[in-house]
There are 2 protein chains.
Amino acid sequence: MFSHVWRWMIHGFFAVCLLVPTVLIGQAGEPSERKFPTMAEILAAAEPGDWRPLDPENTLYLELAAGRVIIELAPDFAPRHSANLKALAREGYFDGLAIIRVQDNYVVQWGDPKAGDPQAARKIQRGQKTLPAEFERTIDDKTPFTPLPEGDVYAPEVGFSNGFPAARDTKSGVMWLVHCYGMVGAGRDNAKDSGGGAESYVVSGHAPRHLDRNVTLFGRVIQGMELLTALPRGRGVMGFYDERDQLVPIRRIRVAADVPAAERTDLEVLRTDTDAFRRLIESRRNRRDEWFVFPAGRVELCNVPVPVRQKSGPESK
Amino acid sequence: MFSHVWRWMIHGFFAVCLLVPTVLIGQAGEPSERKFPTMAEILAAAEPGDWRPLDPENTLYLELAAGRVIIELAPDFAPRHSANLKALAREGYFDGLAIIRVQDNYVVQWGDPKAGDPQAARKIQRGQKTLPAEFERTIDDKTPFTPLPEGDVYAPEVGFSNGFPAARDTKSGVMWLVHCYGMVGAGRDNAKDSGGGAESYVVSGHAPRHLDRNVTLFGRVIQGMELLTALPRGRGVMGFYDERDQLVPIRRIRVAADVPAAERTDLEVLRTDTDAFRRLIESRRNRRDEWFVFPAGRVELCNVPVPVRQKSGPESK
C-alpha cells in the first residue's frame with residue numbers, strides 16, 4: 001500500500017493555490033470565528049464579486065508540447081510592451097521559436113535561437129523589435145493599489161495593483177512592478193531601450209528584486225509555471241541551452257481572444273482591491289494553521305499568493 | 001550557426017556562481033579602481049585564506065542516478081540534527097529511499113515512501129526518528145555573524161554565520177537559520193518535536209520565510225540543486241508524488257568523510273567572516289555592472305550568494 005496521510009507542512013499547500021486553487025477551495029470548511037481565519041476559510045467565504053475573469057484580450061497562451069502556459073498582461077504598467085506582445089503573437093512571430101535559457105533559481109527565457117545571426121534571425125513584421133523602457137510609471141488615482149502594512153528591503157511601500165505585485169515611492173510619485181516568482185519581463189541588452197518583448201523571461205526562483213526598475217515587466221504567469229520550471233537547466237553560461245537539441249520548441253503564442261472559445265482556459269483571479277484580499281494578506285502575515293509554532297506577524301510581498309481558479313460554469317452560479 | 005553572444009542580463013551570471021563559480025573566476029579581470037568593484041573583481045582579488053575547505057565530516061553526499069547533491073551541515077545551529085543525519089547516513093537508512101515530493105516554488109522533499117505504514121516503513125537502527133526542535137539558539141561570542149547593513153521584513157538583523165544565512169534578535173538574545181533557497185530542514189508533523197531529519201526538504205523557490213523558527217534547518221545544498229529542482233512536479237496534493245513510478249530513487253546518502261578520497265568532490269566555500277565577503281555584500285547592494293540602470297543600494301539576505309569553487313590542487317597553489 002502506498003497511500004497514506006502526510007500531515008506535515010500542510011500549510012505548504014497554500015503555496016500552490018496559485019495553480020490548483022479549486023482543490024483548496026473544495027477542502028475549505030466553514031469560515032472560522034477565530035480572530036485570524038486561514039486563507040482557505042477566507043476563500044471559501046469570498047463572494048463571486050471578489051473574483052474577476054481573465055480578459056481574453058489581455059491574456060497570452062504560450063503553447064508547449066507539455067501544455068499551456070497562461071500569461072496575464074499588465075497594460076496599466078507596460079502599455080506599449082503589452083500591445084507589442086499581442087502584435088508579435090498575432091503575426092505568428094513566436095510560433096516555432098523556443099525556450100532558450102533555463103538558469104536555476106533565476107529565469108526561464110524564450111525567443112529566437114538565431115537572434116544573434118542577422119541572416120538567419122526571424123524578421124519581425126508588424127511588431128516592434130525594441131521599445132522605450134517602461135520600468136516605472138507615475139502614481140495616479142485611477143490605478144488601484146492595495147498596500148501591505150510594511151514596506152520591504154527594496155521599496156518604501158509594496159502591495160498589489162490589479163493582481164500584480166508592485167511597489168510605490170510616494171515621494172518621487174512613481175510605482176513599478178516587482179520581480180516576484182512568475183513575473184514576465186522583456187529581456188534587453190545594455191541599452192535601456194533595447195528590449196521589446198521578442199525575447200522574454202519569467203522569474204523562476206527567489207525574487208531577483210535588484211532587477212526592479214531595470215527591466216520592463218509586462219505580465220505574470222498565472223498557470224503553467226511548472227511546465228517551465230521543471231525543464232532541464234541549460235549547461236551553457238547563464239543557463240543558456242548551448243546545444244540545439246536542448247531547445248524546447250514553442251508551438252505558438254496566441255492572444256486568448258483569438259482562440260476559439262471552446263479551446264480557451266477560463267480562469268478567474270481573486271481581485272486584489274477587496275476586503276477579501278486584505279483579509280488574505282492578514283492571514284498570510286499571521287499563520288494560525290495548527291502546524292505553526294511561531295506566526296511571523298509579517299509577510300513579504302512575494303510570499304502573498306494571488307489565487308486563481310477555474311471559472312464557475314452557469315450551473316454552479 | 002548557433003553560437004553567438006548573449007549579452008543581456010549578463011549580471012544574471014552571478015546568480016549561479018554558487019554552482020559554477022570557477023567559470024566566473026576564470027572570466028574576472030583585474031580588480032577595479034572604482035568605488036564599487038563587481039563581485040567578479042572581488043573574487044578575483046580574494047586571497048587563498050578567504051576560502052575554506054568543506055569539512056568532510058560535516059558534509060553529506062546525496063547520490064541520485066543523475067548525480068551528486070552536496071549538503072553542508074550546520075552543527076552550530078542544529079547540533080543534534082546534524083549528528084542524527086550522520087548517524088542515519090552511516091547506518092544506510094536513506095539508501096534506496098526516494099524523493100517523494102516536488103512542489104513548485106516551494107520544496108523538494110525526501111524520505112521513506114512507506115513512512116505512513118508502520119508494517120512496511122523502514123526501521124531506524126542507530127539514529128533517532130524524532131529530536132527536540134532546534135529552531136533557534138542563543139547568541140554567543142564564539143559564533144561568527146556578519147550582518148547586512150539592513151534587516152528585513154522578517155527579522156531585525158540578518159546576515160551570515162559560517163556560510164549560512166541567519167537572523168538575530170539581540171533583544172531576546174537568539175539567532176536562527178533562515179529559509180533561503182537551498183536550505184535543508186527536517187520535516188515535522190504538527191508537534192514541535194516530531195521531526196528528526198529522516199524526512200527532509202530543501203527550499204526550491206522563493207524563500208518561505210514564514211517557516212523560520214518553525215522548522216529545524218540543519219544544512220544547505222551547496223552543489224547539485226539543479227538535480228532536484230528540475231525534477232517533475234508531483235501531481236498529488238502539496239506536490240507529493242502520488243504514484244509509485246514517479247518516485248526518484250536515492251541511491252544512498254553518505255558522510256563525505258566515509259567516501260574514499262578519490263571519490264570525493266573537493267569544494268571550497270568563500271568564508272563569510274572576511275573583508276572579502278563584506279565587499280561582496282556591498283557589490284550586491286550596489287550593482288554597478290554596465291547593464292544596470294538603477295542600483296538598488298540594498299540587498300535582501302537570500303539574494304547574497306555564498307560562492308563555492310573546486311578546491312585548488314597542489315599544482316595551482
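Using only the Cα atoms, what convex hull volume per residue in Å³ does segment B:146-193 have?
That works out to 120 Å³ per residue.
List, in order, the whole-Hz ³J(HN,Hα) value for each residue of segment B:205-210 obtained from phi through the Karplus relation with A = 6.51, B = -1.76, C = 1.60 and θ = phi - 60°; use x for Gly and Pro.
So the J values, rounded to whole Hz, are x, 4, 3, x, 5, 5.
By how many degrees, between 0 and 90 and to the nearest 10, does the Cα long axis of helix A:275-285 differ from the longest principal axis of chain A?
In chain A, helix A:275-285 runs at an angle near 90 degrees to the longest axis.
In segment A:93-143, which trypsin sites (Lys or Arg not before Pro) are in a loop and have at most 13 other Cβ atoms within 10 Å, using DSSP for the loop call?
When the trypsin sites (Lys or Arg not before Pro) of segment A:93-143 are filtered for loop state and at most 13 Cβ neighbours within 10 Å, A:Lys123, A:Arg126, A:Lys142 remain.
Label A:Arg252 and A:Asp169 with points 7 Å out from Cα along Cα→Cβ: what is the distance between them in nm?
The answer from the label model is 4.3 nm.
Given the DSSP H assignment, sum -39500 (n - 2.57) over each helix run of at least 4 residues in chain A and divide by its residue total; what's the result at 222 nm in deg cm²/dmol, nearest 500?
Dividing the helical sum by the residues of chain A leaves -3500 deg cm²/dmol.
If you count, for every residue in A:287-296, the Cβ atoms of partner chains within 10 Å of its Cβ, what is the mean?
5
If each label sits 7 angstrom from Cα along the C-beta direction, how far apart, in nm, is B:Ala262 from its counterparts in the other copies?
So the label point of B:Ala262 gives 6.6 nm to the other copies.
In whole angstrom, note down how far apart the Cα centers of segment A:135-203 and segment A:244-259 are.
Measuring centre to centre over Cα atoms gives 26 Å.
For segment A:277-312, run through the trypsin sites (Lys or Arg not before Pro) and keep only the ones in DSSP coil with at most 10 other Cβ atoms within 10 Å of their Cβ.
Qualifying residues, ordered by number: none.
Shielding by partners for A:236-245, please: the mean number of other protein chain Cβ atoms within 10 Å of each residue's Cβ.
Partner-chain Cβ atoms within 10 Å, mean over residues of A:236-245: 4.
Out of the GluC sites (Glu not before Pro) in segment A:245-317, which ones are loop residues according to DSSP with at most 12 other C-beta atoms within 10 Å?
Those satisfying the criteria are A:Glu290.
Holding the Cα-Cα limit at 18 Å, pick out from A:Lys86/A:Lys192; B:Lys129/B:Lys192; A:Lys86/A:Lys311; A:Lys171/A:Lys192; B:Lys114/B:Lys192 the pairs that are longer than that.
Those over the limit are A:Lys86/A:Lys192; A:Lys86/A:Lys311; A:Lys171/A:Lys192; B:Lys114/B:Lys192.
So between A:Glu150 and A:Asp245, what do we pick up on full extension, going 0.36 nm a residue minus the alpha carbon distance?
So the chain would gain 29.5 nm between A:Glu150 and A:Asp245.
If you take each beta carbon of peptide A:201-212 and count the beta carbons of other chains within 10 angstrom, what is the mean?
Mean number of neighbouring Cβ atoms from other chains: 6.
So, in nm, how far is label B:Ala262 from label A:Phe294 when the simple model puts each one 7 Å beyond its Cα toward the Cβ?
Simple spin-label model gives 4.7 nm for this pair.
Calculate the spin-label point distance for A:Glu47 paired with A:Gln119, positioning each point 7 Å from the Cα along the beta-carbon direction, and give it in nanometres.
6.5
Taking square-rooted eigenvalues a ≥ b ≥ c of the alpha carbon gyration tensor, is the protein assembly as shown rounded, prolate or oblate, where a/c under 1.5 means rounded and, failing that, a/b exceeding b/c means prolate? Numbers along the way, then the final one.
Working: a/c = 1.44, a/b = 1.17, b/c = 1.23.
Rounded.
Computed from the coordinates by the stated procedures, all read-outs in this text should not be read as laboratory data. Computed from a predicted model, the values in this text were never measured in an experiment. In this analysis, Cβ positions are derived from the backbone assuming ideal geometry, glycine residues included, and neighbour counts consider all displayed protein chains.
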